[in-house]
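Reviewing the structure listed below.
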């Protein structure tokens, strides 16, 4: 198995427009979400399509990632990401929709692990660790920022 799908949903008690604004301001990710983003640089922007280079944090290390991202106005984004350094690529979808308590964040990440030796370690770790870490590093920080908690 070289592909794994991670999926989870959360409710953020804030207007969809506010969640969208923060989650699609990629250049501010290092400021808002320093546990997962060291740096993000937009190299090309054509309308809602962005080509970016990022340095991200995972498993206590930093990795370079190339991101081809399409912003879905008022709905979130989809992104195809490659980290040759880490040996993975992935398809990421962050979709937003109205919820009675604020905004539903529906997050899916399909990760392909290219290095055979890495699959043995990474698949169990990704299943167990990744979404919980993303919740703490991104969703909880987003809630603090927009719900006034913290």
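The residue that is nearest to the chain's Cα centre (by Cα), counting only those in segment 73-94 that are part of a loop (DSSP other than H, G, I, E, B) and modelled with pLDDT of 70 or more, is 75. Taken as a whole, the condition of being surrounded by fewer than 19 Cβ atoms within 10 Å (Cβ to Cβ), modelled with pLDDT under 95, assigned to a strand (DSSP E or B) and touching a strand residue (DSSP E or B) at 6+ places or on another chain (Cβ under 7 Å) does not apply to residue 97. Only residues that are at pLDDT 95 or above, touching a strand residue (DSSP E or B) at 6+ places or on another chain (Cβ under 7 Å) and crowded, with 16+ Cβ neighbours inside 10 Å were counted across segment 1-25, and they come to 8.
Taken as a whole, the condition of being farther than 22 Å from residue 11 by Cα, modelled with pLDDT of 95 or more and either in a helix (DSSP H, G or I) or in contact with a strand residue (DSSP E or B) (Cβ under 9 Å, 6 or more places away or on another chain) (or both) applies to residue 70. Scan segment 22-67 for residues that are without any contact (Cβ under 8 Å) to a residue 60 or more places away in the chain, within 15 Å of the chain's Cα centre (by Cα) and not in a strand (DSSP E or B) and the total you get is 9.
The values are calculated or read from the model by the stated rules, or taken from the named source; none is laboratory data. Since the structure is predicted, the reported quantities are computational estimates derived from the model, not experimental observations. Cβ coordinates were reconstructed from backbone atoms using ideal geometry, including for glycine residues, and neighbour counts include every protein chain displayed.
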